[in-house]
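Structure first, then comments.
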Amino acid sequence: MKFSRTIAVIGLVPAATAFTAPSVSHARGSSLAMAESSIYSADIAKALDNELSYVPGKADTDFARKYGHLAGEKVKTVGEAFQDFTDALGTPINALYKGTITDLVGSLHLTVVTARFQRDPVFSLGLVTVLDLLLKNFPEQDTAKRIKSAMIESAGMVESEVDAEAAEVATWAQGKTR
């Protein structure tokens, strides 16, 4: 009886270790070997020095020289743009259009807040065309006009200027094929 019990216990020992974590000593050894290597230690030290001495907007790059003066400036968030849009609109949006309008408000905001953005007549024509196309079948046309106005206003633009620029390009392009 004692013999069969001993055999059963010995048979269960490998099964008991099946659920334990493997030893990680070999992984530690390889990490230490990499850290002690002269190849990695110099690069890591240099990378840490670069990170510790980093000053926003002061990098030695063309981008930093052009836009470095904007480092630390307050940038309107997407949430603030949505709030501005909602406040300017003042009415709920038809459920069928809500997702599309939400995407447009967010995308337009992210487009105009980048330092490199400069509105031009072609951008204005594109914006007006997209809004007119998406809102032409909106059930309440007076609300559609308010959506367009609120969207342009939430992006910090003046609707009459955007419309005038768009009309200028559309008039110029009328009848041209090349």
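The values are calculated or read from the model by the stated rules, or taken from the named source; none is laboratory data. Since the model is a prediction, treat every value here as computed from it, not as a measurement. For neighbour counting, all protein chains shown are included, and Cβ atoms are generated from backbone atoms with ideal geometry for every residue, glycine included. Side chains included, ligands, DNA and RNA excluded: accessible areas come from the protein's heavy atoms. Shrake-Rupley method; radii C 1.70, N 1.55, O 1.52, S 1.80 Å.
Criterion first (of a type in the set (D, E, K, R), modelled with pLDDT of 80 or more and out of contact with any Phe, Trp or Tyr (no Cβ under 9 Å at 6 or more places or on another chain)) does Asp120 satisfy it?
Numbers: of a type in the set (D, E, K, R): yes; modelled with pLDDT of 80 or more: yes; out of contact with any Phe, Trp or Tyr (no Cβ under 9 Å at 6 or more places or on another chain): yes.
Yes; evaluated as a whole, the condition is true for this residue.
Residue count for segment 75-87, restricted to those that are touching a residue at least 40 places away in the same chain (Cβ under 8 Å) and of a type in the set (A, V, I, L, M, F, W, C): 3. Checking each residue in segment 88-110 for being free of Cβ contacts under 8 Å to residues at least 24 places away in the same chain, open to solvent by 50 Å² or more (accessible area, probe 1.4 Å) and in a helix (DSSP H, G or I) picks out Ala95, Leu96, Lys98, Thr102, Asp103, Ser107. Listed by first and then second residue, the pairs with beta-carbon distance under 7 Å, at least 6 apart or on different chains, first residue in segment 133-152 and in a helix (DSSP H, G or I), second open to solvent by 10 Å² or more (accessible area, probe 1.4 Å) and acidic (Asp, Glu), are Ser149/Glu159; Ile152/Glu159.
So which residues in segment 153-178 are assigned to a loop (DSSP other than H, G, I, E, B) and touching a residue at least 40 places away in the same chain (Cβ under 8 Å)? Let's see the steps before the verdict.
Kept after step one, since they are assigned to a loop (DSSP other than H, G, I, E, B), are these residues of segment 153-178: 155-158, 174-178.
If the condition is that a residue be assigned to a loop (DSSP other than H, G, I, E, B) and touching a residue at least 40 places away in the same chain (Cβ under 8 Å), then Ala155, Gly156, Met157 are the ones that fit.
What about Ala71, is it open to solvent by less than 80 Å² (accessible area, probe 1.4 Å), out of contact with any strand residue (DSSP E or B) (no Cβ under 9 Å at 6 or more places or on another chain) and not aromatic (Phe, Trp, Tyr)? Considered against the rule, which asks whether it is open to solvent by less than 80 Å² (accessible area, probe 1.4 Å), out of contact with any strand residue (DSSP E or B) (no Cβ under 9 Å at 6 or more places or on another chain) and not aromatic (Phe, Trp, Tyr), Ala71 comes out as yes.
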